[in-house]
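Just below is one structure, and these are the notes that go with it.
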Amino acid sequence: MRIIYAQSQETLRSRDGIADDIDNCPNNANENQADNDQNGIGDVCDPDIDGDGIANESDNCPNTSNPDQLDFDSNDVGDVCDSHTYTRLFNPESVVRYKNYYLVSNLGVALDP
């Protein structure tokens, strides 16, 4: 990424050194211009950083896209970014979600989170 620094403070609402006309978040300082979901809106001011359609404040995994918001162990951390997800103990193809249950076919039992 090529970053062009502004020469005058008049073109710097966010005071981050990036000219407003190319700044992906001109009202908030974000010198690194991070844009996780590549939507042209800087992460500092993006209401959905990971681009999964779930607003950051409601997203159980705000930095990793997970539109289904699955949370096997109900700890408010989405399965895609939860290091304690029980489904990791099983072959992913053998775990099927049905309503609030996870069916593990190779064990023949239903687990209630």
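The values are calculated or read from the model by the stated rules, or taken from the named source; none is laboratory data. Here the structure is a predicted model, which means the values were calculated and not measured. Note: ideal-geometry Cβ built from the backbone for every residue, glycine included; neighbour counts use all protein chains shown.
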Study note, to complete from the structure: Over the range 50-95, the set of residues surrounded by fewer than 12 Cβ atoms within 10 Å (Cβ to Cβ) and modelled with pLDDT under 60 is Leu89, Asn91, Pro92, Glu93
Check your understanding: What number goes with the only condition from (1) hydrophobic (A, V, I, L, M, F, W, C); (2) modelled with pLDDT of 55 or more; (3) in a strand (DSSP E or B) that Ala110 does not pass?
Key -> (2)
**Study point:** Subset of the range 47-78 (residues that are touching a Cys at 6+ places or on another chain (Cβ under 8 Å) and farther than 18 Å from Asp37 by Cα)
**Key:** Val77
Exercise for review: Name every residue in the range 25-47 that is under 24 Å from Pro67 (Cα atoms) and either aromatic (Phe, Trp, Tyr) or not in a helix (DSSP H, G or I) (or both), in order of residue number.
Suggested key: Ala34, Asp35, Asn36, Asp37, Gln38, Asn39, Gly40, Ile41, Gly42, Asp46, Pro47
